[in-house]
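Trainee: Let me give you the structure first, and then I'll get to my questions.
Each value in this text was obtained by applying a stated rule to the coordinates, not by laboratory testing. Bear in mind that the values here come from a model prediction, so they are computed numbers and not experimental data. A quick note on method: Cβ atoms are made from the backbone with ideal geometry, for glycine too, and the neighbour counts reach across all protein chains shown.
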Amino acid sequence: MRELNVFSGPDSIRDYLNPGKLPYLPLVEVPEHLNPFRGDGVRIYAKMMTFSTLHSVKAVPAFNMIERMAERGELDDNPTLIENSSGNTVVALTLCARQFGIDDARAIIPSEVSKDKVALLRFFGITPQVNREPDDPEPFDERSGIYKARKQGEEEGWVNPGQYHNPDNPSAHERWIAPQVWQQTKGKLDIFCASLGTTGTIIGNSRYLKGENSELKVLGVQRAPDNYVPGPRTPNLLKLIDFEWEKHVDLVQQATRHESYEMSMKLSRGGIFAGPSSGLAMVGLLKELQEMKERGDFEGRGEGEELTCVFIAADTPIPYFEEYFKFLPKNLFPDLEDAHLLDD
């Protein structure tokens, strides 16, 4: 029951995981101390995908992919689910698939993944399979986890939802999230920003939002080469994506690991509880706004006319706590007092 947010009966969990039966996810303005362009009439909002039932953006396409697969009869024989994912996606797919009768799930994960992420998968009953990803992959590279998951999914007794090529991934955002953003901004949206991972988020939102306003700009943020940030991809790794995401994106920026983790921590300390890929999106948006200001794009607007931006806060920092202390300098964290009192 959407108005009261209560889920009961034999399909309670399935209904609870269905984005179409949930209240709108929050849209939260970034406070002025984190928005250096507020004085220029720029307002920045975070779309809090962390308030989805599984606390990440992946809950939305996961449900849509699984529901559509069930409708097509692809889950009828209780196959083993396999996906190339180190965390949020395969967890969301697995929990959704269990509501449709799927028992077993396997995740192909990169060798650089943190121990906490491996523990997360095992906690949810998902079997991790480590893969050493190629540094400079080509499309259909047989060494990549995407290729391996896809080929395994073609064998009898297996199924690969295929977040990197399944059209039900972007259509989930077009179906549920973009209409929320449009209504929440009352149609006054100038820049939509998201990180570039599977690219489903940016494609689905772009299709809907540009359908409402063709002048709206869509900004995609990549992770810089040789910089680990969970979720977003480098330009080389984006070659493995089947989606033609470039057609849906007007602007592209990059962010480093340090920038992404530090911005994530700043957002979280300010009350916007968001992980590294959210920080990456915010960094890319600020870089684009800085370039716009330097070009004089902020000039010439009427009195009181504002520029409205929305970026996707994809997940929480919780799965990555170990990494913040690994990747960021010690001076960003308070000292631990009376440490000798801690039990060994």
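Trainee: Please list, in order along the stretch 62-76, the HN-Hα scalar couplings obtained from phi with the Karplus expression 6.51 cos²θ - 1.76 cosθ + 1.60 (θ = phi - 60°), rounded to whole Hz, x for Gly and Pro.
Mentor: 4, 5, 4, 5, 5, 4, 5, 4, 5, 5, 7, x, 6, 10, 4
Trainee: I would also like to ask the following. Pairs of Cα atoms under 8 Å, at least six residues apart: use those to get the relative contact order of the stretch 59-159, whole percent.
Mentor: 30 percent
Trainee: Can I get the semi-axes of the stretch 250-344's equivalent ellipsoid? Compute them from the C-alpha gyration tensor as square roots of 5 times the eigenvalues, in angstrom, largest first.
Mentor: Each semi-axis is the square root of five times an eigenvalue, giving 35, 14, 12 Å.
Trainee: Quick check on packing: order 78-86, 177-185 by the mean number of other C-beta atoms within 10 Å, highest mean leading.
Mentor: Per-residue mean Cβ counts within 10 Å order the peptides as 78-86, 177-185.
Trainee: May I pose another question? Could you tell me the distance between the Cα centroids of the stretch 177-226 and the stretch 1-52, to the nearest Å?
Mentor: Measuring centre to centre over Cα atoms gives 15 Å.
Trainee: Where nothing but the Cβ of Lys and Arg (+1) and of Asp and Glu (-1) is charged, how large is the charge dipole of the chain around its Cα centre, in debye to the nearest 20?
Mentor: Dipole size: approximately 360 debye.
Trainee: Relative contact order for the chain: what is it in percent, counting Cα pairs under 8 Å that are at least 6 residues apart?
Mentor: Details: 633 pairs, mean separation 62.0, N = 344.
In percent, rounded to a whole number, it is 18.
Trainee: Kindly give the semi-axes, whole Å and largest first, of the ellipsoid equivalent to the chain, taking each as the square root of 5 times a Cα gyration tensor eigenvalue.
Mentor: 31, 25, 21
Trainee: Sticking with this one: Students often forget the sequence filter, so: which lysines lie under 18 Å Cα-Cα from residue 148 once same-chain residues fewer than 8 apart are removed?
Mentor: Filter leaves 239.
Trainee: Quick one: give the max-minus-min coordinate of the C-alpha atoms of the stretch 67-178 along each principal axis, largest first, in Å.
Mentor: Rounded to whole Å, the extents work out to 37, 34, 31 Å.
Trainee: Taking the chain as the reference, fit the longest principal axis to its C-alpha atoms, fit the long axis of helix 257-269 to the helix C-alpha atoms, and give the angle between the two in degrees, 0 to 90, nearest 10.
Mentor: Tilt of helix 257-269: around 80 degrees.
Trainee: OK, next. Pairing the Cα long axis of helix 88-98 with the longest principal axis of the chain, what angle in degrees results, from 0 to 90 and rounded to the nearest 10?
Mentor: The answer is roughly 40 degrees.
Trainee: Straight-line reach only, C-alpha to C-alpha below 17 angstrom: list the lysines that residue 287 could link to, leaving out same-chain residues fewer than 8 apart.
Mentor: Candidates past the 8-residue exclusion: 217, 266.
Trainee: Name the most mobile residue of 110, 36, 319, meaning the one with the largest mean-square fluctuation, in a Gaussian network model of the chain with Cα contacts below 10 Å.
Mentor: Greatest mean-square fluctuation among the candidates belongs to 36.
Trainee: How big is the stretch 107-239 on each of its three principal axes, counting only the C-alpha atoms and giving the largest first in Å?
Mentor: 45, 35, 29
Trainee: Using Cα springs under 10 Å in a Gaussian network model of the chain, which residue among 332, 27, 120 shows the largest mean-square fluctuation?
Mentor: Judging by the Gaussian network model, the answer is 332.
Trainee: Per the helix-only calculation at 222 nm, which mean residue ellipticity applies to the chain, given -39500 (n - 2.57) for every DSSP H run of n ≥ 4 and division by its residues, nearest 500 deg cm²/dmol?
Mentor: Using -39500 (n - 2.57) per qualifying helix, the result is -9500 deg cm²/dmol.
Trainee: For residue 210, give me every one of the aspartates and glutamates with a C-alpha distance below 20 angstrom, ignoring sequence neighbours fewer than eight places off in its own chain.
Mentor: Of all the aspartates and glutamates, those that pass the test against residue 210 - Cα under 20 Å, at least 8 places apart if same chain - are 168, 174, 190, 244, 246, 250, 288, 306.
Trainee: While we're looking at this one, here's another question. Mean-square fluctuation check for the chain, GNM, Cα pairs under 10 Å: which of 278, 264, 144 is largest?
Mentor: Top of the fluctuation ranking is 144.
Trainee: OK, next. Taking Cα atoms, how many degrees apart are the long axis of helix 200-212 and the longest axis of the chain, rounded to 10 and kept between 0 and 90?
Mentor: 50 degrees
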